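Inspection log for the structure reproduced underneath, given as structure tokens.
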Amino acid sequence: MEALIVADDLTGALDSAVGFAALGRRVVVARSPEAVSEALALVPDVLAVNTASREVAPEVAAAAARVVSALTGLHPGSFKAVMKKVDSRLKGNIAAETEAMAQWFDGARLVACPAIPEMGRRVEDGMLVGEGVSVPLNVAGCFKIPVDVPDCASDADLDRLVANSEGKVLWVGARGLSFALARHAGVAEPAVASLRAPLMIANGSRDPVTLAQIAGLPSDVAVLDAPDGEVRNADLTEGSLVLSISDGGGGLSGHEAARRFAESVARYAERARPAALLVCGGESAQAILDRLGVNSLQVTAELRPGLPLCEVRMPWGNMQIVTKSGGFGAPELLAGLVKDVL
């Protein structure tokens, strides 16, 4: 296989794997270690696995166990490139998860470079600096085992790093590094695509960035409020449909609100039979995909930078799925996507 990517959350797995998405390559993301066998049955060229382990701290042993579970049955020699995807601001159980992966990939040299030049994030003198990094972060200090931390300020730096590395390397990084590995494998850039109609948007985020995007939608787009995740039955209208979570005053946990919202989304999806589903918010995406019974996703294109597009099979036919983090995108992002629906 071309590459293996192990990420600690779903959006990271998708955002790194999409760099390899091009005509003639099958890129598959397993939503959990338990879904790896199902993903392998699709005969992927690139396999990414979400361990869903970023938020298990402080029980780092549990995070490492999720990585071990993801790697069980996989052989390092089966992959031309192996990468541990980490948060671009170095959050999560990086040390424990990377050590577990290094033990599986025995004898590999570790190269850590979380730079994302397109976002203005660089590695300089061993420190992660730039856009969104308020205080410089010591990259090597995030690990308990030796790692090389090369300086990288541009995509060209990342390309040279990948091209000039020899022997077994366990790559540790974010979107910038995965795209460099993809370019080295012959993918100049991900395929692009448009959303198909009818489009359904499920906003499970309360981030002000996404709320501004919802507010910026055209006036003819139906937006149904979902207080505490629950949407009352309403007549379906022509065109795009939006379900948007809000605070209903019930004092529910984020997990419970996401579960209720997933039930509402599934109920409306069964009625509207969308050809495309765009989900805002990572926790809601996990809950909705659970409710829809989607365990693995085939990544086919990048709708916009940071918006990976996947294809899944639903009872009513093929459906596109796009995930968007709550704090991502310009105010006009959703309005532009709705306008461009085929």
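The values are calculated or read from the model by the stated rules, or taken from the named source; none is laboratory data. Not measured: the values here are computed from a predicted model. In this analysis, Cβ positions are derived from the backbone assuming ideal geometry, glycine residues included, and neighbour counts consider all displayed protein chains. Surface areas here come from the heavy atoms of the whole protein model, side chains and all, with no ligands, DNA or RNA. Shrake-Rupley method; radii C 1.70, N 1.55, O 1.52, S 1.80 Å.
The label-point distance for Arg160 and Arg267, in a model that sets each label 7 Å from Cα toward Cβ, rounds to 5.8 nm.
How charged is the neighbourhood of Asp87? Take every other residue with its Cβ under 13 Å from the Cβ of Asp87, and add Lys/Arg as +1 and Asp/Glu as -1. Mind dumping the intermediate values first?
Values: positive: Arg54, Lys84, Lys85, Arg89, Lys91, Arg121, Arg175; negative: Asp8, Asp9, Asp15, Glu55, Glu97.
Result for the neighbourhood of Asp87: +2.
Each residue, Ala153 and Ser194, gets one label point 7 Å from its Cα in the Cβ direction; the gap between the two is 4.0 nm.
On C-alpha positions alone, give me the angle between the axis of helix 254-272 and the longest principal axis of the chain, in degrees, nearest 10. Result, in degrees: 60. Subtracting the Cα-Cα distance of Asp125 and Asp340 from 0.36 nm times their residue separation leaves 73.1 nm of extension gain.
In the Gaussian network model of the chain, springs joining C-alpha atoms below 10 Å, which of Glu166, Glu230, Glu270 carries the largest mean-square fluctuation? Result for the chain, Cα springs under 10 Å: Glu166 fluctuates most. To put it simply, the accessible area of region 190-323 at a 1.4 Å probe is 48 percent carbon and sulfur. So if we plug the beta-carbon distance of Asp247 and Ala215 into 1/(1 + (r/R0)^6) with R0 = 22 Å, what FRET efficiency do we get, rounded to 0.05? With R0 = 22 Å, the Cβ-Cβ based efficiency is 0.85.
Among DSSP bridges having both ends in the chain, what percentage is antiparallel? Round to the nearest 5.
Numbers: 23 of 67 bridges.
Rounded to the nearest five, the antiparallel share is 35 percent.
Over the chain, all Cα pairs binned in 10 Å intervals from 0 give whole-percent P(r) values of 6, 26, 34, 23, 10, 1, 0, listed from short to long.
Residues of region 72-112 with amide nitrogen under 15 Å from the 7 Å Cα-to-Cβ point of Asp45? Backbone N within reach: 80-81.
Across region 148-212, Cα-Cα pairs more than 20 Å apart make up 51 percent of the total.
Here the gap between Asn318 and Glu34, fully extended at 0.36 nm per residue and compared with their Cα-Cα distance, gives a gain of 99.9 nm. The gain in end-to-end length when the Asn138 to Leu224 segment is fully stretched comes to 26.5 nm, 0.36 nm per residue minus the alpha carbon separation. Bridgeable lysines around Lys80 (alpha carbons under 21 Å apart, same-chain partners fewer than 8 residues away excluded): Lys168. Within region 116-145, the trypsin sites (Lys or Arg not before Pro) that combine a DSSP coil assignment with at most 11 other C-beta atoms in a 10 angstrom radius are Lys144. Using a 7 Å offset from Cα along Cα-Cβ at Glu55, what residues in region 1-43 end up with backbone N under 13 Å from the label point? In region 1-43, the label zone of Glu55 (backbone N under 13 Å from the point 7 Å along Cα→Cβ) covers 9-11.
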